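Participant: Let me begin by handing over the structure; questions about it come next.
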Amino acid sequence: MKRFEYIRATSVAEATSAAMEQNAVFLAGGTNLVDLMKVGVSRPDRVIDISGLAELARVEFLPNGGVRIGALVLNTDLAYHPQFSRDYPSVAEALLSAASGQLRNAATAGGNILQKTRCSYFFDLASACNKRQPGAGCDARDGENHGLAILGWSLSCIATHPSDFAVPMVALDAVVEIDGISGHREVLLDAFYTLPGDYPERETVLQPGELVVAIRLPPEAKTFAQHSRYLKLRDRTSFAFALVSVAASLVVEEGMIRDARIALGGVALKPWRARAAETRLKGQVCSDTLFREAAEVALADARPSGNNAAKIELSRRLVVRALRVAEAGNTDQPRSLPGSVFAEQPKVSANG
Amino acid sequence: MIIRIELNEKPCSIEVDDPRVTLLDLLRERLNLTGTKKGCDRGQCGACTVLVDGRRINSCLTLAFSVDGRSVTTVEGLAKGGKLHPIQEVFISRDALQCGFCTPGQLMSAVGLANEMPLRNDPEQIREAMSGNLCRCGAYQGIVEAIMDYHGALSTDGATHETI
Amino acid sequence: MRGRHGSSVGQPLTRLDGHLKVTGAAVYAADNNPPGMLHAVMATSDIANGKVASLEIEAAKRHPGVVEVMTPDNRPPIADPAGPDAPFGWRLDVLQSDIVHYAKQPIAVVIATSLEAATEGAALLAPRYEEHSPVADFDTAETFAATAAGVFGPARDEMGNVETELHAATFRLDEVYDTPAQYHNPMEPHAIVASWDGDELTVDTPSQGLIMAQRRISDLFGIPLENIHVRSPFLGGGFGNKGFLAGPQILGILAARLVGKPVKLVMRRDQMYGPLGHRGRTQQRFQLGLDDDSKLVALNHTIKAATSIFDEFVEPAGKISQTLYASRAIATDHQAVPMHIGTPGFMRAPGEASGSAALEIAMDEAAFARGLDPLEFRLNNYAEVEPISGKPFSSKELRACYTQGAARFGWADRPLLPRQMRNEAGLLVGWGVGTATFPTLMFNGQARAVLTADGAATVETAAADMGQGAWTSFAQIAADSLGLSLDKVEFRAGSSKFPDAGIAGGSAHTATAGSAIHAAGRDLIAKLAAIAARDERSALHGTGNKDIVARDGRLYLREDEDRSDSYIDILGRAGLGEIRSDSKVGPDDPIRSDYAMHAHGAVFAEVLVDPELGQVRVSRLVGAFAAGAIINPRLVRSQYYGGMIWGLSFALHEEALIDHRSGRILNADLAGYHVPVNADVVSLEALIVDEYDPHVNALGAKGVGELGITGTVGAIANAVWHATGVRVRRYPIKITDLIDQPGRSI
Ligand SMILES: Cc1cc2nc3c(=O)[nH]c(=O)nc-3n(C[C@H](O)[C@H](O)[C@H](O)COP(=O)(O)OP(=O)(O)OC[C@H]3O[C@@H](n4cnc5c(N)ncnc54)[C@H](O)[C@@H]3O)c2cc1C
Ligand code: SF4
Ligand code: FES
Ligand code: FES
């Protein structure tokens, strides 16, 4: 790790102005940043520790019915917050399906949405990676890429975004609040992330020095409270990144879908909102056929970026399953294996 | 910078000249508290688990500077006055350890998890909650049994291991 | 020796070292911080083939805190690390040149006053290379006929005529199975703290073979054995890769020599995917021939296994085919695939694990093709004598393992056809079985017992506890052999100052060191009895050639227990401060060549598989194992559990992914390289099946450390097939293997 200047910020203003320095980064829980610094992917000159900013560590339920999650609210605290987890069960489930208990105790809401891809070539300094070094090339393209993107990728980068939390948040139209020396602005989380295009080194619209201060969910997000689930397929039962994940939220009235939200994780460089599939569902009566159609629509644009065609079919199936379990609804009892296909008692028809 | 922490219930202050020092390396290399182990140094194994303000975290991904002013509990702080902490007792009786290298982290995790979530009489919940602590020797079943014992509720399902 | 009432052996004692381990007081190598110590960090190669063209040594040295950079140019001289003294002639990479043969090969060592400075110093070396394209794709690499299977085994062997038998067989199966490269990944990374004092050296380093380590250092550095003290009281897991000293450990000693100060070198997790050995990638072809009665008439096992381009170690996967199932003809053949990788080596159940993983699927496929229950099929091909040699088994309770395991598991209810069972959640349920087996080995070992005038004893041997429980079970053996209660015996191990305990490997540590301890105690008691017999004042006077029993600090005449004398009195009257005995045991006992010696077991697995999404969870594992006398059932059960979890890991998780262009391993960590987490292990049961073996060793004990992996791998793979109807012939079985099978996916 390169030696750096350590600054502990005591206010947002102090943090944002300190961050105007070249090659400065914010340190929240450090679970991603310190890791990247150890590997050498990130070599900052200045580290601004924002973890002491208590004003960013609050969950506020807003008068309009929405909720404002301070950027420093810990993943664990948010997931187990009684009212939050009741109102936004898919978000709580996504948080608890991620990483480990220890990591969730350190990881913050802001840090989580800003974590970097887990593409192994990105972590391997000896490999060519456009994201690490613009123009260097992308060794993942002809390499080990069975877990990489099937949507929204470009020839310059086929990586995926690893956050679980961000997936239901995108589904529920979360808004990111940003402070910088030039003031405050807000961006829809979906628009906060950028696709690789020709500039894979960029991941968000965040400008140098800008700090995420909060993430908000709009009032209508909690109308899905009864039917919101997050499912995450992975190669071990816990403590693994998603191969594919799906957040599905429904408003169901007498079997009729009034509103629907779907986002997929692990398929693109950002959580993938499936708006066309949502439209397909709205106003329809829940059925397996309908869910399958929605899944087709959701993955209509998917194409393999390498040796990962299987992910497309898997994603379709997971969309169907997520819709099914969302329809079945949430239980009061927290799940012992959040986000896991082994967490529940689904009604499964033979051969799907 | 002088770091002041409450370490295993005692005040501790130490001058650290390098911001790169992690809490784990502070403990092991500068304070000679070597009970806490390093298995991966990247948050992937849980061997370095300690409690900071009562919450379990991976000390390998925590900068020492960041814990200034906070309280830190390590495995050395579990037993009091020569008497083992109950979790330590049940780890021995359930043979919840083999080589012992992951054990300090497992113990801290076992103690810390109760501060995070309401516990049910459910081994599945413990398994999930302990999944951030790898044990290559494979002592998992004993670990779950020990934690169920410790939290005062031995389950029926799953825990098929017969006590000998 | 079978456990008997009142004795320590056979008792399920809790670990005597448990207290140290739960308080953090157990000292592992990297926990040592001698005064004045410096930190060393290795720089390792990013390329797999070529040479280091340049290093920015000055840049590294300019970094505050960096003291020295060790490269091939200034590395202190040592004897040829691939010379005749090297175990099996294997080379160590200890900066002997700038040539690189595999990724993560050490290329320099940076020594600094802090770990942080040494780490950054290593990064600042920014090596430049002359790179050649490596051989990194197993499937397209060239092969040659291996010279040995593993290190001892014949590379090819044939009993009967496989070709003829295959030709004549009523049914033939011909399938290919793949196993990946796997890395030991003990939780404790290799570490060494080395301190020189003139020509004397103290090292703290995890070692499964302390005296061997001491000898190796002596050979390399040209200093006498007595000048070298190796300490390894606790290992944070070994699993085979702490058997021989590895290059990085020698580099730690060299670094300390170079700077003239104590040095600590701890490997980073990613660096453990290079110079430490691993379980090599294999591709195994099975041709089975069955007769009308579904008895094996031919078993042809051809193995292709990866090795490095500079040394040969070929995973001896064929061994198991020679010893497990009866067949009229058996042939095994090992081909080597040299690649630009670190040399593979011994990893928990070397040979048997990979061989069994493939063989057990093949057996399952054959059983199904013949419409037979897989357990019945295995019983139908039960080997009454060791197939390859025709020797009788010293003991073999495998039938009892099958029966007891099946009963406990509820195997009788298993439908023959796959995809018949669902649980209430709609998940597919499958049941599978596999046979476990591992040879009973023994090495040369020594121990010393000393009885002092106060009636207490110390027993010493340079044994290693890597988690199997040596501190406890060996103390139990010592106490029993000396006729003392456990609290009267101090057991010492983990230091090269003690007699050679052999290597803690091959599941032979109890057989070896345990037997040595037993012999030392027995001899000491014989000496004591002789003293008593000569002593007129002893109640045992004149009992010279009679049977004496030692118990609770007294000797008793077996035929008349009223005649007894205490150790304290015997020594006191003789005016002896202490008596001692040194023992030596070895594998050359002629009886060992008359018998085939193996431990056995049967493993039953239940898996749940999501019918659409293919995620697998092992919901239940029941193993029934017969391994002779059990010294401590609590610890033995833990060994079985550990082995079964390794089996689960092999079946579903572990795989090093190598980039075919660069030869670098892409998941060289513990996040991408999966081993099971707690949530992957739902329910384990290990039944200890009674087995009496008068031949294997004085204790009657076989090894238990490796047995549990074998059998489990195949049992899980077969259960996945039984759940889904999809036969996956490569490990680990992953979601995409079950989804992505054209026409046969779930
Ligand atoms: C072994 C392992 C397994 C994991 N598994 C999962 C998983 O399964 N699912 C999952 O979702 N995640 C997983 N994670 C990632 C983990 O969730 C993230 O590391 C964590 O959420 C990041 O939060 P943090 O507060 O620690 O961020 P930090 O590491 O402090 O910061 C991350 C990045 O965000 C920037 N940043 C932080 N806060 C702000 C802010 N307020 N404004 C602007 N920039 C900011 C930092 O500069 C840095 O670039 C895993 C991590 C590890 C190490
Ligand atoms: S996929 Fe993206 S992150 Fe991965 S190597 Fe290519 S450019 Fe880098
Ligand atoms: S050492 Fe911290 S998680 Fe492994
Ligand atoms: S006891 Fe050895 S790693 Fe857990």
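The values are calculated or read from the model by the stated rules, or taken from the named source; none is laboratory data. A quick note: this is a predicted structure, and the numbers were derived from the prediction, not measured. Ideal geometry is used to build each Cβ from the backbone, glycine not excepted, and the neighbour counts take in all protein chains shown. All accessible areas refer to the heavy atoms of the entire protein, side chains included, with ligands and DNA or RNA removed. Shrake-Rupley method; radii C 1.70, N 1.55, O 1.52, S 1.80 Å.
Participant: Residues B:Leu113, B:Leu107: which one is touching a strand residue (DSSP E or B) at 6+ places or on another chain (Cβ under 9 Å) and facing chain A (nearest Cβ under 9 Å)?
Facilitator: B:Leu113
Participant: If C:Gly24 passes every condition in (1) under 22 Å from A:Lys38 (Cβ atoms); (2) without any contact (Cβ under 8 Å) to a residue 12 or more places away in the chain but one, which one does it miss?
Facilitator: So C:Gly24 meets the others, but not (1).
Participant: Could you check, for the range B:59-80, whether at least one of its residues is more than 24 Å from A:Arg104 (Cα to Cα), out of contact with any Ser or Thr (no Cβ under 8 Å at 6 or more places or on another chain) and open to solvent by 10 Å² or more (accessible area, probe 1.4 Å)?
Facilitator: yes
Participant: Go through the range C:591-606 and give me each residue that's open to solvent by less than 40 Å² (accessible area, probe 1.4 Å) and of a type in the set (Asp, Glu).
Facilitator: The one that is open to solvent by less than 40 Å² (accessible area, probe 1.4 Å) and of a type in the set (Asp, Glu): C:Glu606.
Participant: Right, another one. Restricting to the range A:96-127, and then to whatever is assigned to a helix (DSSP H, G or I), away from chain B (no Cβ under 13 Å) and not aliphatic (A, V, I, L, M), can you tell me which residue is most open to solvent (accessible area, probe 1.4 Å)?
Facilitator: A:Ser120
Participant: Can you find even one residue in the range B:89-103 that is within 13 Å of ligand 3 (Cβ to nearest atom) and open to solvent by less than 30 Å² (accessible area, probe 1.4 Å)?
Facilitator: Checking the range B:89-103: at least one residue is within 13 Å of ligand 3 (Cβ to nearest atom) and open to solvent by less than 30 Å² (accessible area, probe 1.4 Å).
Participant: Let me ask something else. Looking only at residues in the range A:181-231 that are under 22 Å from A:Ala140 (Cβ atoms) and in a strand (DSSP E or B), which one is farthest from the chain's Cα centre (by Cα)?
Facilitator: Per the stated criteria, the residue is A:Thr204.
Participant: Tell me whether the range B:25-40 contains one or more residues that are open to solvent by 50 Å² or more (accessible area, probe 1.4 Å) and farther than 23 Å from A:Gly111 by Cβ.
Facilitator: Yes, the conditions are met somewhere in the range B:25-40.
Participant: So which strands (runs of 3 or more DSSP E) are wholly in the range C:130-211 and hold at least 2 residues that are more than 14 Å from chain B (Cβ to nearest Cβ), more than 28 Å from the chain's Cα centre (by Cα) and surrounded by 14 or more Cβ atoms within 10 Å (Cβ to Cβ)?
Facilitator: C:171-179, C:191-197
Participant: Looking at this structure, is A:Leu72 in contact with a helix residue (DSSP H, G or I) (Cβ under 7 Å, 6 or more places away or on another chain), within 14 Å of chain B (Cβ to nearest Cβ), within 25 Å of A:Thr223 (Cα to Cα) and within 12 Å of ligand 1 (Cβ to nearest atom)?
Facilitator: Spelling it out, it is not the case that A:Leu72 is in contact with a helix residue (DSSP H, G or I) (Cβ under 7 Å, 6 or more places away or on another chain), within 14 Å of chain B (Cβ to nearest Cβ), within 25 Å of A:Thr223 (Cα to Cα) and within 12 Å of ligand 1 (Cβ to nearest atom).
Participant: Additional query: I need a count of the residues in the range C:613-635 that are facing another protein chain (nearest Cβ under 7 Å), open to solvent by 10 Å² or more (accessible area, probe 1.4 Å) and over 30 Å from C:His695 (Cα atoms).
Facilitator: Of the residues in the range C:613-635, 1 are facing another protein chain (nearest Cβ under 7 Å), open to solvent by 10 Å² or more (accessible area, probe 1.4 Å) and over 30 Å from C:His695 (Cα atoms).
Participant: Does A:Leu172 count as within 14 Å of chain B (Cβ to nearest Cβ), open to solvent by less than 30 Å² (accessible area, probe 1.4 Å) and more than 15 Å from ligand 2 (Cβ to nearest atom)?
Facilitator: no
Participant: How many residues does the range B:15-32 contain that are part of a loop (DSSP other than H, G, I, E, B), closer than 21 Å to C:Gly236 by Cβ and facing chain C (nearest Cβ under 8 Å)?
Facilitator: Total satisfying the criteria: 1.
Participant: What number of residues in the range A:122-154 are among the aliphatic types (A, V, I, L, M) and under 18 Å from A:Asn308 (Cα atoms)?
Facilitator: The number of residues fulfilling the criteria is 5.
Participant: Taking only the range B:45-57 into account, find how many residues are open to solvent by 10 Å² or more (accessible area, probe 1.4 Å) and either part of a loop (DSSP other than H, G, I, E, B) or within 11 Å of ligand 3 (Cβ to nearest atom) (or both).
Facilitator: 3
Participant: Another question, if that's okay. Do any strands (runs of 3 or more DSSP E) entirely within the range A:1-66 hold 2 or more residues that are among the β-branched types (Val, Ile, Thr), and if so, which?
Facilitator: Hits in the range A:1-66: A:46-49.
Participant: Exactly one condition in (1) surrounded by 17 or more Cβ atoms within 10 Å (Cβ to Cβ); (2) away from ligand 4 (no atom under 16 Å from the Cβ) is not met by A:Phe239; state its number.
Facilitator: That leaves (2) as the condition not met.
Participant: Being more than 16 Å from ligand 4 (Cβ to nearest atom) and over 18 Å from the mean Cα position of the chain (by Cα) narrows it down to one residue among C:Arg268, C:Arg281; which is it?
Facilitator: Answer to the selection: C:Arg268.
Participant: Regarding B:Ala96, is this residue in contact with a Cys (Cβ under 6 Å, 6 or more places away or on another chain) and within 11 Å of chain C (Cβ to nearest Cβ)?
Facilitator: Considered against the rule, which asks whether it is in contact with a Cys (Cβ under 6 Å, 6 or more places away or on another chain) and within 11 Å of chain C (Cβ to nearest Cβ), B:Ala96 comes out as no.
Participant: Starting from residues that are part of a loop (DSSP other than H, G, I, E, B), open to solvent by 20 Å² or more (accessible area, probe 1.4 Å) and among the hydrophobic types (A, V, I, L, M, F, W, C), keep the ones in the range C:233-259 and report whichever is modelled with the lowest pLDDT.
Facilitator: By that ranking, first place goes to C:Phe244.
Participant: Could you check the range B:42-71 and list, in sequence order, the residues that are within 16 Å of ligand 4 (Cβ to nearest atom) and on the phi > 0 side of the Ramachandran plot?
Facilitator: Scanning the range B:42-71 gives a single hit, B:Gly46.
Participant: Taking the residues in the range C:299-317 that are open to solvent by 30 Å² or more (accessible area, probe 1.4 Å) and either among the aliphatic types (A, V, I, L, M) or without any contact (Cβ under 8 Å) to a residue 60 or more places away in the chain (or both) as candidates, determine which candidate is nearest to C:Gly351 (Cα to Cα).
Facilitator: So, considering only residues that are open to solvent by 30 Å² or more (accessible area, probe 1.4 Å) and either among the aliphatic types (A, V, I, L, M) or without any contact (Cβ under 8 Å) to a residue 60 or more places away in the chain (or both), the one nearest to C:Gly351 (Cα to Cα) is C:Thr302.
Participant: A further question follows. Mind checking which pairs have a first residue in the range A:323-343 that is without any contact (Cβ under 8 Å) to a residue 24 or more places away in the chain and a second that is assigned to a helix (DSSP H, G or I) and not hydroxyl-bearing (Ser, Thr, Tyr), Cβ under 7 Å, 6 or more apart or different chains?
Facilitator: A:Ser336/B:Glu124; A:Ser336/B:Gln125; A:Ser336/B:Glu128
Participant: Which residues, taken from the range C:636-695, are surrounded by fewer than 22 Cβ atoms within 10 Å (Cβ to Cβ), hydrophobic (A, V, I, L, M, F, W, C) and at the interface with chain B (Cβ under 8 Å from one of its Cβ atoms)?
Facilitator: Within the range C:636-695, C:Ala671 is the sole residue that qualifies.
Participant: Among the residues of the range A:242-256 satisfying the criterion of being open to solvent by 30 Å² or more (accessible area, probe 1.4 Å) and outside any loop (DSSP other than H, G, I, E, B), which is nearest to ligand 4 (Cβ to nearest atom)?
Facilitator: Of everything passing the filter in the range A:242-256, A:Val252 is nearest to ligand 4 (Cβ to nearest atom).
Participant: Could you list all residues from the range C:462-493 that are outside any helix (DSSP H, G or I) and either within 16 Å of ligand 1 (Cβ to nearest atom) or within 24 Å of B:Ala139 (Cα to Cα) (or both)?
Facilitator: Hits for the range C:462-493 are C:Ala463, C:Ala464, C:Asp465, C:Met466, C:Gly467, C:Gln468, C:Gly469, C:Ala493.
Participant: Can you tell me which residue in the range C:459-493 is nearest to C:Ala701 (Cα to Cα), limited to those that are open to solvent by 10 Å² or more (accessible area, probe 1.4 Å) and of a type in the set (Phe, Trp, Tyr)?
Facilitator: Across the range C:459-493, the extreme among qualifying residues is C:Trp471.
Participant: Taking the stated definitions as given, is C:Ala82 of a type outside the set (Ser, Thr, Tyr), in a loop (DSSP other than H, G, I, E, B) and more than 14 Å from every other protein chain (Cβ to nearest Cβ)?
Facilitator: Judged against the criteria, C:Ala82 is a match.
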